[in-house]
Amino acid sequence: MNLKKELTKLVEKEVEDIKEKNKAKNIGELIKDEATISTLKNIYDTRDLLLELYDIDEETQMKAKLKKYGLDKVFDELSNNRYIAYYNFEDDDRIVWIIDDLEFNLPVD
């Protein structure tokens, strides 16, 4: 599995879906739509979080989670605002909180 390549495709698809749903006629209107901007930020934060968790696989078992649940399901779970709030929280334990929650919501065993 080439995670970065597959994740890039998934993110591009998510962004395209948002662009199709948005009624903005131009980029000026789009950047005024706070909900759309927030959703786009969430998508990119989710991507960054997944890559960070993948890099520390020993602690997160992310490779096993991806194998068991698939990239779409893991991405959907991580895009939950709770995980993104943890991820954006300036605390050394934020990754530990995410790992604990993921173990409960996406167990490997």
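The values are calculated or read from the model by the stated rules, or taken from the named source; none is laboratory data. Keep in mind that what you see is a predicted model, and the values were worked out from it rather than measured. Every residue, glycine among them, receives a Cβ derived from its backbone with ideal geometry; neighbour counts consider all protein chains shown. These area figures cover heavy atoms from the full protein model, side chains too; ligands, DNA and RNA do not enter into them. Shrake-Rupley method; radii C 1.70, N 1.55, O 1.52, S 1.80 Å.
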Q: Assess whether TYR83 counts as being part of a helix (DSSP H, G or I) and within 16 Å of LEU106 (Cα to Cα).
A: yes
Q. Could you say which residue among ASP101, ASP45, ASP55 is within 13 Å of the chain's Cα centre (by Cα) and modelled with pLDDT of 90 or more?
A. ASP45
(Q) Regarding segment 44-65, can at least one residue be identified that is open to solvent by 70 Å² or more (accessible area, probe 1.4 Å), within 19 Å of LEU7 (Cβ to Cβ) and among the aromatic types (Phe, Trp, Tyr)? (A) yes
**Q.** Residue in segment 21-29 that is assigned to a helix (DSSP H, G or I) and touching a residue at least 12 places away in the same chain (Cβ under 8 Å) present
**A.** no
Q: For segment 86-99, name all the residues that are open to solvent by less than 90 Å² (accessible area, probe 1.4 Å) and either over 22 Å from VAL15 (Cα atoms) or not in a helix (DSSP H, G or I) (or both).
A: TYR86, ASP91, ASP93, ARG94, ILE95, VAL96, TRP97, ILE98, ILE99
Q: Could you list all residues from segment 62-80 that are of a type outside the set (A, V, I, L, M) and either modelled with pLDDT under 95 or assigned to a helix (DSSP H, G or I) (or both)?
A: LYS63, LYS65, LYS67, LYS68, TYR69, ASP72, LYS73, PHE75, ASP76, GLU77, SER79, ASN80
